[in-house]
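The values are calculated or read from the model by the stated rules, or taken from the named source; none is laboratory data. These numbers were taken from a predicted model, which means no experiment stands behind them. Positions of Cβ are generated from backbone atoms using ideal geometry, with glycine treated the same way; all protein chains shown enter the neighbour counts.
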Amino acid sequence: MRWTRKDLLDLQSLSAEEIVTILDTAREFKAVGQRVIKKVPALRGKTVVNLFVEPSTRTRISFELAAQRLSADVINFTAEASSLKKGETLKDTARNLEALNTDFIVIRHSAAGAPHFLSRVLEAHVVNAGDGAHEHPTQGLLDVFTMREKKGRIAGLNVTILGDILYSRVARSNIWALQKLGARVTLCGPPTLVPQTFEPMGCRVTSHLAEAIADADVVNLLRIQHERQRKTMFPSLGEYTSLFGINRERLACMKPDVLIMHPGPINRGVEVDSDVADGSHSVILEQVTNGLAVRMAVLFLINGGKPFAAASPPAEPDLVAQ
Amino acid sequence: MRWTRKDLLDLQSLSAEEIVTILDTAREFKAVGQRVIKKVPALRGKTVVNLFVEPSTRTRISFELAAQRLSADVINFTAEASSLKKGETLKDTARNLEALNTDFIVIRHSAAGAPHFLSRVLEAHVVNAGDGAHEHPTQGLLDVFTMREKKGRIAGLNVTILGDILYSRVARSNIWALQKLGARVTLCGPPTLVPQTFEPMGCRVTSHLAEAIADADVVNLLRIQHERQRKTMFPSLGEYTSLFGINRERLACMKPDVLIMHPGPINRGVEVDSDVADGSHSVILEQVTNGLAVRMAVLFLINGGKPFAAASPPAEPDLVAQ
Amino acid sequence: MRWTRKDLLDLQSLSAEEIVTILDTAREFKAVGQRVIKKVPALRGKTVVNLFVEPSTRTRISFELAAQRLSADVINFTAEASSLKKGETLKDTARNLEALNTDFIVIRHSAAGAPHFLSRVLEAHVVNAGDGAHEHPTQGLLDVFTMREKKGRIAGLNVTILGDILYSRVARSNIWALQKLGARVTLCGPPTLVPQTFEPMGCRVTSHLAEAIADADVVNLLRIQHERQRKTMFPSLGEYTSLFGINRERLACMKPDVLIMHPGPINRGVEVDSDVADGSHSVILEQVTNGLAVRMAVLFLINGGKPFAAASPPAEPDLVAQ
């Protein structure tokens with residue numbers, strides 16, 4: 001297929017075919033990361049702005065490296081140091097950045113819909129790096145990429161998302177991508193954090209861990225955001241761990257080839273024990289590697305790069321090392 | 001003409017011919033910003049340090065992009081994280097940076113004259129990115145560039161600078177450049193903020209808005225620095241807006257082809273209404289674009305680059321895309 | 001000799017021959033810094049991460065420039081903005097960075113041994129940019145490089161290290177390198193800051209300044225860390241200066257060709273007067289220049305670059321300007 005979108009705003013609005021196109025293209029970029037010279041000239045002379053109004057070192061670095069390896073120039077713009085504090089609107093900030101002939105605005109913002117808003121007012125490409133509790137599409141894509149790489153397919157997989165789902169943009173992006181590609185999604189966690197409102201999305205919702213993990217091909221653990229004060233809705237950390245933390249015993253109740261995933265950073269001993277996080281079922285670090293490949297693919301495609309097909313031909317000129 | 005200066009410290013000391021040389025060269029670099037590959041090799045292997053002792057995200061990013069597009073390497077050095085806090089002098093900090101074989105020090109500092117001081121102790125090129133209430137020469141240049149591009153000339157223009165002029169380095173740099181190039185400058189604002197001391201500079205000074213805008217070809221609005229506590233000299237924001245804020249009604253009293261300018265970030269509803277800021281008379285975003293071109297031209301010229309003439313020949317080798 | 005180490009963790013474990021190899025290679029990279037185009041392609045397509053868990057602008061910038069001039073991509077990761085605050089372990093942070101296909105982790109950390117720990121868990125190259133009170137190997141190397149360049153040799157030199165030695169990683173790295181290369185080391189300062197425990201390392205320890213400087217070929221002044229609260233061990237600044245500060249009078253008691261060194265940033269009027277710091281014996285700024293060359297050499301060698309011999313052949317292909 002040809003890629004036609006100017007932006008990557010969410011996974012809800014993508015077709016299954018579009019998602020697969022990103023995954024196929026990302027596979028090629030993952031191979032670039034194994035080379036001695038890990039750079040391709042695809043975005044040379046382009047500028048990527050990381051506009052992070054909500055802080056995130058990990059995601060920012062992943063996008064920064066993705067841009068560098070495509071030979072783009074990168075500008076980091078964080079809210080702390082910015083004129084946003086002087087009362088400038090997000091729209092004005094973004095249009096000022098665009099006026100500097102920048103080509104991509106990668107935005108993280110605490111307000112759901114901020115990337116969509118920018119998409120309407122900018123000609124630059126907009127990439128959502130996480131907007132409030134709404135979506136985190138490149139995280140969803142890297143999760144699905146990892147599952148597909150390890151399991152060979154998404155259709156028919158049983159995927160359990162475990163933890164603090166209520167306000168999780170990671171969960172939402174996972175659910176959209178997984179369902180579009182034919183997986184069955186189970187959501188599990190304390191009842192206050194996994195309300196029944198997710199059932200209309202087609203997910204199984206349960207508070208019973210044993211039920212949620214028994215037939216899972218993948219268990220995707222969400223980070224417990226314990227630095228946020230949500231006392232009225234959240235059990236104690238100890239209580240959470242005793243009920244939902246994944247340890248060796250609970251791993252033994254899962255399928256022998258189950259994948260354990262986590263978007264990071266992990267709280268060792270809280271949502272997952274070190275035994276499991278560092279064990280043979282865990283693909284947590286590969287998710288990080290795949291995130292870089294997915295972000296390179298997204299920047300490449302929305303810039304007009306030619307998608308890679310499932311059975312790829314020899315390296316395209318754009319991917320030949322500089 | 002040949003360019004002979006090692007630094008760009010202020011506009012007061014430049015000749016009209018030098019200013020025009022920067023503007024002509026900037027025009028070529030503006031065209032670079034429209035290309036698919038927005039990079040030229042002019043400063044490859046050179047290092048630009050952004051030494052920002054007073055914070056400014058917008059100006060820092062504009063210089064950073066200017067350096068990147070000239071293929072220079074860029075180091076950002078902000079006072080917050082620096083040894084300036086450990087009591088090192090500005091001179092020692094700058095000489096240490098120079099000892100790292102850096103070629104350009106772009107300095108913003110709260111003390112007037114800091115760039116001139118560095119210019120005397122360094123062999124590296126020094127660019128003033130704003131020094132206290134003294135000058136902000138690249139802002140003055142981009143403002144004049146924008147007026148000349150839109151009006152075709154500066155000589156004979158009536159330019160009104162409106163607002164908080166007393167401590168404004170933007171106003172001072174504008175005044176020097178405009179008068180050297182033959183414009184007539186009017187300063188307007190509350191009497192406490194626009195004292196009569198500017199009259200010896202050859203400016204008309206008035207507190208009557210109607211008088212200041214009636215014959216203006218350009219109205220350059222300065223940002224109200226309401227985050228600074230200057231209660232004894234400044235009316236309330238509401239009072240300022242009611243007396244000097246530019247809205248649709250006041251725009252209607254201006255010449256039909258008046259340009260509305262602002263160095264940004266704008267306070268919507270204070271010094272300018274959104275109607276006007278986003279309207280057809282506003283060139284506020286083009287100023288941002290032109291600022292990048294002007295900064296590229298300045299770095300290029302003080303590095304010894306060959307100036308571009310008014311009627312430019314075909315692209316010079318230095319400007320051919322890498 | 002061939003270089004075989006994957007990391008640079010400390011000078012204690014290096015042989016004299018390895019130290020000399022770094023110094024010889026650094027000499028070639030110092031020459032690169034004098035070129036018009038100060039870049040070589042040796043690390044093109046590689047990524048260097050500056051993982052600074054303890055802040056240091058000067059050292060970070062030196063490593064950043066070293067990486068840029070070797071054509072590597074650079075990511076700055078500081079603890080302030082990082083997930084280390086969210087409770088992630090150093091190991092997890094570093095392995096996440098490695099999972100992004102990064103090649104070098106340059107780490108500064110307040111805990112002694114942090115780089116050694118990372119070296120065991122990472123395949124990426126690890127460079128110690130200062131670990132607690134343990135070592136600061138590139139500082140030690142640049143100090144020895146500077147002495148050798150100025151004096152033509154290290155063996156037989158009398159080197160006095162003066163000041164706050166007790167918790168100084170700079171002192172420790174100096175001592176190791178100097179003794180391996182055959183210098184005699186004297187440590188001098190207030191008794192509380194230079195305990196006798198250094199004598200087993202083979203150093204002369206004294207509190208008598210006159211004795212320490214009389215026969216010194218080099219006096220290396222350590223920075224007084226007066227921003228740290230160590231009231232019980234430290235005399236007042238005034239008292240320190242009156243007893244140990246180097247001024248014109250004390251310089252007159254030294255050998256006529258003594259070198260005055262300081263790792264910076266200097267406290268003018270405390271450990272050294274401006275007369276001396278800016279005088280003909282001072283090589284303080286050359287140390288900065290040499291630090292860049294040493295860091296380029298270290299990154300180059302641990303990446304597998306071919307060392308340069310004492311009598312260098314014509315420029316190697318890796319060092320030819322891009």
Subject >> All positions within segment A:151-169 that are touching an Asp or Glu at 6+ places or on another chain (Cβ under 8 Å) and more than 15 Å from A:Leu23 (Cβ to Cβ) >> reply: A:Asn158, A:Val159, A:Leu162, A:Gly163, A:Arg169
Subject >> Residue in segment C:26-46 that is polar (S, T, N, Q) and modelled with pLDDT of 95 or more present >> reply: no
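Any chance segment C:83-95 includes a residue that's among the aliphatic types (A, V, I, L, M), closer than 25 Å to B:Asn96 by Cα and in the same structural domain as C:Arg27 (by TED's automatic domain parsing)?
Within segment C:83-95, not a single residue is among the aliphatic types (A, V, I, L, M), closer than 25 Å to B:Asn96 by Cα and in the same structural domain as C:Arg27 (by TED's automatic domain parsing).
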**OP:** Among the candidates C:Ala133, C:Ala177, C:Ala171, single out the residue that is of a type in the set (A, V, I, L, M, F, W, C) and more than 12 Å from the chain's Cα centre (by Cα).
**Re:** C:Ala133
Original post:
Which numbered condition trips up B:Leu23, out of (1) modelled with pLDDT under 95; (2) surrounded by 19 or more Cβ atoms within 10 Å (Cβ to Cβ); (3) more than 10 Å from chain A (Cβ to nearest Cβ); (4) part of a helix (DSSP H, G or I)?
Top reply: (1)
Original post:
Residues that are closer than 18 Å to C:Ile284 by Cα and among the β-branched types (Val, Ile, Thr): which strands (runs of 3 or more DSSP E) entirely in segment C:121-225 hold 1 or more of them?
Top reply: C:158-162, C:218-221
Original post:
Given C:Leu299, C:Leu243, C:Leu285, which one is within 11 Å of chain B (Cβ to nearest Cβ), among the aliphatic types (A, V, I, L, M) and either touching an Asp or Glu at 6+ places or on another chain (Cβ under 8 Å) or not in a loop (DSSP other than H, G, I, E, B) (or both)?
Top reply: C:Leu285
**OP:** Go over the candidates C:Asp10, C:Asp73 one by one and state the one that is facing another protein chain (nearest Cβ under 9 Å), touching a helix residue (DSSP H, G or I) at 6+ places or on another chain (Cβ under 6 Å) and either among the charged types (D, E, K, R) or touching a residue at least 12 places away in the same chain (Cβ under 8 Å) (or both).
**Re:** C:Asp73
**OP:** Answer yes or no: is there a residue in segment A:188-201 that is polar (S, T, N, Q) and in contact with a helix residue (DSSP H, G or I) (Cβ under 8 Å, 6 or more places away or on another chain).
**Re:** no
**OP:** Filter segment C:180-201 for residues that are of a type outside the set (Val, Ile, Thr) and either without any contact (Cβ under 8 Å) to a residue 24 or more places away in the chain or not assigned by TED's automatic domain parsing to the domain that holds C:Ile154 (or both) and give the result.
**Re:** C:Pro191, C:Gln196, C:Glu199, C:Pro200
Original post:
Counting only residues that are surrounded by fewer than 22 Cβ atoms within 10 Å (Cβ to Cβ), of a type in the set (Asp, Glu) and in contact (Cβ under 8 Å) with a residue 24 or more places away in the chain, which one in segment B:264-311 is nearest to B:Lys6 (Cα to Cα)?
Top reply: B:Glu286
Subject >> Selection within segment B:113-151 - surrounded by fewer than 23 Cβ atoms within 10 Å (Cβ to Cβ), within 20 Å of B:Tyr167 (Cα to Cα) and at pLDDT 95 or above >> reply: B:Gly113, B:His116, B:His134
Subject >> Close pairs from segment A:106-132: first touching a residue at least 12 places away in the same chain (Cβ under 8 Å) and over 22 Å from A:Phe300 (Cα atoms), partner crowded, with 22+ Cβ neighbours inside 10 Å and of a type in the set (Gly, Ala, Ser), Cβ under 8 Å, at least 6 apart >> reply: A:His109/A:Gly130; A:Gly132/A:Ala114
**OP:** May I ask you to verify whether C:Lys38 is out of contact with any Pro (no Cβ under 7 Å at 6 or more places or on another chain) and more than 27 Å from C:Pro265 (Cβ to Cβ)?
**Re:** no
**OP:** Pick out the one residue from C:Asp215, C:Asp257 that is closer than 29 Å to C:Glu17 by Cβ, more than 12 Å from chain B (Cβ to nearest Cβ), modelled with pLDDT of 95 or more and loosely packed, with under 13 Cβ neighbours inside 10 Å.
**Re:** C:Asp257
Original post:
Which ones in segment A:34-65 are at the interface with chain C (Cβ under 9 Å from one of its Cβ atoms), touching a residue at least 12 places away in the same chain (Cβ under 8 Å) and either assigned to a helix (DSSP H, G or I) or buried (at least 19 other Cβ atoms within 10 Å of the Cβ) (or both)?
Top reply: A:Lys38, A:Lys39, A:Ser56, A:Arg58, A:Arg60, A:Ser62, A:Glu64, A:Leu65
